[in-house]
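The structure under discussion appears below in the form of structure tokens.
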Amino acid sequence: PTRATVLTGRNHFRDCVDFVYGCSDMTTCVPNMDFAPSRTFTVGDAVRAAGNDYSDGAFFAGKWHLGSFYNDSEHYGGKTSSPITHGFNHFNATLGCAPTYTLNCQCKAEWEPNCHFGHYNDSFHFCYGGDKNQCCFNYWWDDPMQPHGVKNLTLPTEPDDAIYLVDAFSRFVDDRKKQEKPFLAQISFHNCHIPFIGSIEAVESCARNVSCREPNGIPYTDAELDYYACLTQLDNAVGEILHILKSRAYFDNTVVWLASDNGPEHNCPPQGICKHGDSDPARPVEGPGSAGLLRGRKRDMHEGGHRVPGNFHGRRISGMNQHVGNSVDY
């Protein structure tokens, strides 16, 4: 839903996003989501309409979760609804949520030794549409020469998924730089949506209190170590993206928008009051991650569920101070 509101500027219900489909692998299932059936104008369309300088300049990367990538999905019981359908020129994306570490390690038997499941122990959870004990989360990108107009990754991913997305963004920006052309890029990181797994190095750093604050009395759980390691990796990736913009001389005339879609996972029913919420709000028992002093978490209809930080940066933005803005999720 958040991607729908960011793309269109409208409430997601207006564009028929009123459910989350269960499909993780295009080779085993084809989503039947009819996102924006009337083809609502998107930010990708705005780039296409901006003139020749922006030609071929709209790029989407990361978690899509708004429909099928196949350009002939209707032949397989689904509906075509890829980033290309909705205004973007190029994409490098997953169908939906995916692990934040060794993402596609179960796509081939010979890759399985690469798998690192973190606190999930023996398998990635939240896999839909195939064998849940051997489910292929994977990246797909546009390729008009391939069947269905897309191609998937045939090599193991970079273990750190956030860095994989940084690399995809870097290659896109380098191509635009060669042409001295502007661009739009939307990067929807998987960090730190479930299933979240931190790298071994980042987890060890957190456990040594190098990248994480020392826990107050009770040692960090395995889930907390994965979560905060995952968050550290996201922070590093955002820094790398800013470095790319600066090193390619785009930073001074680029607007950067950083936001989350909702509060931390696992809500606090029935009234949004979390255990330990008063005595230790940074470590509620419902799950890792903190909404601070705000009441509730993801799926709670209180501020902890939907009020999240957001940041705009642009040196050529004038007349702005502090304003309230929102995207919408459920």
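The values are calculated or read from the model by the stated rules, or taken from the named source; none is laboratory data. Note that this is a predicted model, so its numbers are computed, not measured. We place every Cβ from the backbone using ideal geometry, glycine too, and count neighbours over all the protein chains shown. Surface accessibility is based on the protein's heavy atoms, side chains included, excluding ligands, DNA and RNA. Shrake-Rupley method; radii C 1.70, N 1.55, O 1.52, S 1.80 Å.
Table for the structure above
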read-out: The chain - charge dipole about Cα centre, Lys and Arg +1 at Cβ, Asp and Glu -1, debye rounded to 20; value: 1000
read-out: Estimated Rh, region 130-182: Kirkwood, alpha-carbon pairs, angstrom; value: 13.4
read-out: Heavy-atom SASA rank of Arg248, Arg315 (probe 1.4 Å, accessible area, largest first); value: Arg315, Arg248
read-out: Percent RCO, i.e. relative contact order, over the chain, from Cα pairs under 8 Å lying at least 6 residues apart; value: 15
read-out: Accessible surface of Trp141 - all protein chains present, 1.4 Å probe, nearest 10 Å²; value: 60
read-out: Probe 1.4 Å - accessible area at Tyr139, Å² to nearest ten; value: 0
read-out: Solvent accessible area, Å² - His119, 1.4 Å probe, full protein context; value: 40
read-out: Cα pair distances exceeding 19 angstrom across region 72-163, given as percent; value: 45
read-out: When region 20-70 is reduced to its Cα atoms, the Kirkwood hydrodynamic radius in Å; value: 13.0
read-out: Answer label, with percent of Cα pairs over 38 Å apart calculated from the coordinates and candidates (i) 14; (ii) 32; (iii) 10; value: (i)
read-out: Nitroxide proxy distance, nm - points 7 Å out along Cα→Cβ at Val256 and Phe13; value: 3.6
read-out: Expected 222 nm ellipticity per residue - DSSP helices of 4 or more, -39500 (n - 2.57), all of the chain, to 500; value: -6500 deg cm²/dmol
read-out: Share, in percent, of DSSP beta bridges within the chain that are antiparallel, nearest 5; value: 50
read-out: Heavy-atom accessible area per residue - region 104-158, 1.4 Å, Å²; value: 54
read-out: Highest-MSF residue in the chain out of Gly22, Gly198, Gly149 [GNM, Cα springs under 10 Å]; value: Gly149
read-out: Cysteines (scope the chain) whose Cβ has no counterpart Cys Cβ under 4.7 Å; value: Cys16, Cys97
read-out: GNM flexibility winner over the chain from Gly217, Gly287, Gly87 (Cα, springs under 10 Å); value: Gly217
read-out: Apportionment of accessible area to carbon and sulfur, region 126-249, percent (1.4 Å); value: 53
read-out: Bins of 5 Å, starting at 0 and running to the largest distance - Cα pair percent for region 215-315; value: 3, 12, 18, 18, 16, 12, 9, 7, 4, 1, 0
read-out: Of Glu74, Glu240, Glu201, the one that fluctuates the most in a GNM where the chain has Cα springs shorter than 10 Å; value: Glu201
read-out: Per residue value of the accessible surface for region 240-302 (all protein chains in place, 1.4 Å probe), Å²; value: 59
read-out: Value of relative contact order over region 99-219, rounded to a whole percent, pairs C-alpha under 8 Å and six or more apart; value: 31
read-out: Full-stretch length increase - Ala249, Asp122 - with 0.36 nm per residue and alpha-carbon distance subtracted; value: 41.3 nm
read-out: Under 17 Å from the Ala109 label point (7 Å along Cα→beta-carbon), backbone N, region 133-176; value: 133-136
